[in-house]
1. With respect to the numbered conditions (1) modelled with pLDDT under 80; (2) small (Gly, Ala, Ser); (3) touching a Pro at 6+ places or on another chain (Cβ under 8 Å), which one is the sole condition not fulfilled by Ser117?
2. May I ask you to say which residue of Thr168, Thr135 is on the phi < 0 side of the Ramachandran plot, at pLDDT 85 or above and not aromatic (Phe, Trp, Tyr)?
3. Among the residues of segment 83-108, count how many are part of a loop (DSSP other than H, G, I, E, B) and modelled with pLDDT of 85 or more.
4. Quick check on my filter: what residues within segment 159-184 are open to solvent by 50 Å² or more (accessible area, probe 1.4 Å) and assigned to a loop (DSSP other than H, G, I, E, B)?
5. So Thr49 clears everything in (1) in contact (Cβ under 8 Å) with a residue 60 or more places away in the chain; (2) closer than 30 Å to Leu160 by Cβ; (3) open to solvent by 10 Å² or more (accessible area, probe 1.4 Å); (4) of a type in the set (Ser, Thr, Tyr) except one condition, right? Which one?
6. Answer yes if at least one residue in segment 52-66 is within 18 Å of Thr174 (Cα to Cα), open to solvent by 10 Å² or more (accessible area, probe 1.4 Å) and not aromatic (Phe, Trp, Tyr), and no otherwise.
Amino acid sequence: MKASIRMMTLLAATLAAVPLSAQSNGAGERARAAANSRTQMPVVIPAGTPLTVAIDEDLSSASVNQGQQVAFHLPADYSEFGHVLIASGTPVRGTVAHVARRSAGGNPGAVTVSVTSVRAVDGTRVPLRGTTKVTGKNRQGQAAALGVLTFGIGATKKGLSAVIPAGTQFSVFTDAKRTIVVAR
């Protein structure tokens, strides 16, 4: 029984790795061709490279939904060895990862956004990881005091919604190593 489970796990891992190896071979061939070219050269963006992104729109825990697409951009060029690998203003993909609406008892709203990927200057998709979370103002103390003074009616007071203003910047990281081909 254990041997058959191990065999199925090994088979599943092997099948899952096939598309990844095919993908990396294509990128490797492109990088090798660029390395031998007089006009192009490969530059590697290592996994874990920090980047700064900025949100393009105002977000509020009162109006966004979990899974909703969010627009971000790179506020500055990302360069290595004097070559721009990801240009300033490049759109970054992201989503609303979690939303909590404000609620009675003074509980505040909260919103968490996460980034997923960006495109390099040569069109290579660079996967990203990173999140930021904002929580609204807590009004639990006010709700409790009003609840005592109004015999429970004041306990319906809600906290404030979380708001992330457009232009808010935060750090994210590349999630995988990518080779970008640039002009020499």
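1. (1)
2. Exactly one of Thr168, Thr135 is on the phi < 0 side of the Ramachandran plot, at pLDDT 85 or above and not aromatic (Phe, Trp, Tyr), namely Thr168.
3. Qualifying residue count for the region: 4.
4. Answer for segment 159-184, where residues must be open to solvent by 50 Å² or more (accessible area, probe 1.4 Å) and assigned to a loop (DSSP other than H, G, I, E, B): Leu160, Pro165, Ala166, Asp175, Lys177, Arg184.
5. Every condition holds for Thr49 apart from (2).
6. yes
The values are calculated or read from the model by the stated rules, or taken from the named source; none is laboratory data. Small disclaimer: the values here were computed from a predicted structure and weren't measured. Because the Cβ atoms are built from the backbone with ideal geometry, glycine has one as well, and the counts that use them run over all protein chains shown. The protein model used for the area step is the full one, side chains on, heavy atoms only, and it has no ligands, DNA or RNA in it. Shrake-Rupley method; radii C 1.70, N 1.55, O 1.52, S 1.80 Å.
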